[in-house]
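The values are calculated or read from the model by the stated rules, or taken from the named source; none is laboratory data. The structure displayed is predicted, hence computed values, not measured ones. Don't worry about glycine lacking a Cβ; one is built from the backbone with ideal geometry, like all the others, and counts go over all protein chains shown.
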Amino acid sequence: TTLTLQVIAAAQRKGKTCAFIDAEHALDPVYAKKLGVDIDNLLCSQPDTGEQALEICDALARSGAVDVIIVDSVAALTPKAEIEGEIGDSHMGLAARMMSQAMRKLAGNLKQSNTLLIFINQIRMKIGVMFGNPETTTGGN
């Protein structure tokens, strides 16, 4: 998150328009200001679902009005079906499918509008791995 806030600050200094999709609902404006982010000129959204966050990204990219989009974080992009479902329901691969579909849709729009999109993700440790890499990422690689 710190690195992406520094990217935003650098882009804003060059007159670029930036957006921060705060899926974690954890952006600290005081900290961002200390890193040089102009909070008053930062487009910020706190979506309720992963689909909502990705649709916002797509709309911003298609608009051509935004130069940098940050999504914090992939781990917090919870699919709507999971939010609306019961605790304990199985939603195997739902987040990975959502991300895969979104990337196919976003790729062309980002290229067309020359927009930088950065997804922040988190590394988790697989429990019980004796051999091989115990690290994994939420929502797929």
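Here K105 fulfils each of the conditions (1) basic (K, R); (2) at pLDDT 75 or above; (3) farther than 29 Å from S63 by Cβ apart from (3). Of all the residues that make up the range 40-56, how many are touching a helix residue (DSSP H, G or I) at 6+ places or on another chain (Cβ under 6 Å) and either of a type in the set (D, E) or part of a helix (DSSP H, G or I) (or both)? The number of residues fulfilling the criteria is 3.
For the range 92-131, a residue qualifies if it is over 17 Å from V68 (Cβ atoms), surrounded by 13 or more Cβ atoms within 10 Å (Cβ to Cβ) and touching an Asp or Glu at 6+ places or on another chain (Cβ under 9 Å), and the qualifying residues are L94, A95, M98, A102, K105.
Whether a residue is under 11 Å from the mean Cα position of the chain (by Cα) and either of a type outside the set (D, E, K, R) or at pLDDT 95 or above (or both) was assessed, and I8 does not pass this test. Part of a helix (DSSP H, G or I), closer than 29 Å to L94 by Cα and at pLDDT 95 or above: does that describe L27? Taking the combined requirement at face value, the residue does not satisfy it.
Of all the listed residues (A59, A65, A81), the sole one being out of contact with any Lys or Arg (no Cβ under 8 Å at 6 or more places or on another chain) and in contact (Cβ under 8 Å) with a residue 24 or more places away in the chain is A65.
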